[in-house]
Amino acid sequence: MSLTVIATLIARPDAEAPLLAALQALQRATLPEDGCLHYVLHRDLDDRCRFTFYETWSSRAAHEAHMQSAHLLAFVDQAAAWLVHSEVRLLTVLDAV
């Protein structure tokens with residue numbers, strides 16, 4: 001069963017540009033990963049410091065492998081100083097009734 005992930009990251013106002021560059025690099029590194037179906041970066045229309053990834057993975061195992069990838073771990077270390085908040089939600093699709 002596929003897994004949907006919504007990851008929201010909010011940058012400090014003085015760190016919006018470097019965070020955006022790092023997010024775009026992360027996106028380029030992640031898209032070719034096994035099991036990555038979608039990894040789409042969004043920016044809030046009303047808050048330039050708020051970014052959201054909409055992700056779809058073929059399985060929870062594929063997402064767990066992503067969470068241990070060298071490029072994601074490097075991003076987490078680098079981005080910690082730029083963030084005021086981050087949140088990751090794991091979701092499953094419900095069938096229509």
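Derivation of every value follows stated rules applied to the coordinates shown; laboratory data play no part. Just so you know, these numbers come straight off a predicted model, no measurement behind them. Methodologically, a virtual Cβ is constructed for each residue, glycine included, from the backbone with ideal geometry; neighbour enumeration extends over all protein chains shown.
Brief remarks on what is shown
- The structure-derived value of mean projected area of the Cα convex hull in nm² appears in the list (i) 6.7; (ii) 12.2; (iii) 8.0 under the label (i).
- Charge dipole of the chain (Cα centre as origin; +1 on each Lys and Arg Cβ, -1 on each Asp and Glu Cβ, all else neutral): 80 debye, rounded to the nearest 20.
- Net +/- balance of residues flanking Leu23 in space, Cβ distance below 12 Å, scoring K and R +1, D and E -1: +2
- Label-point separation, Ala70 to Leu94 (7 Å along Cα→Cβ), nm: 4.2
- Under 15 Å, Cβ to Cβ, from Leu3 - net charge with Lys/Arg +1 and Asp/Glu -1: -2
- Each residue, Arg43 and Gln27, gets one label point 7 Å from its Cα in the Cβ direction; the gap between the two is 1.0 nm.
- For the range 3-91, the relative contact order is 48 percent, taking Cα pairs closer than 8 Å that sit 6 or more residues apart in sequence and dividing their mean separation by the residue count.
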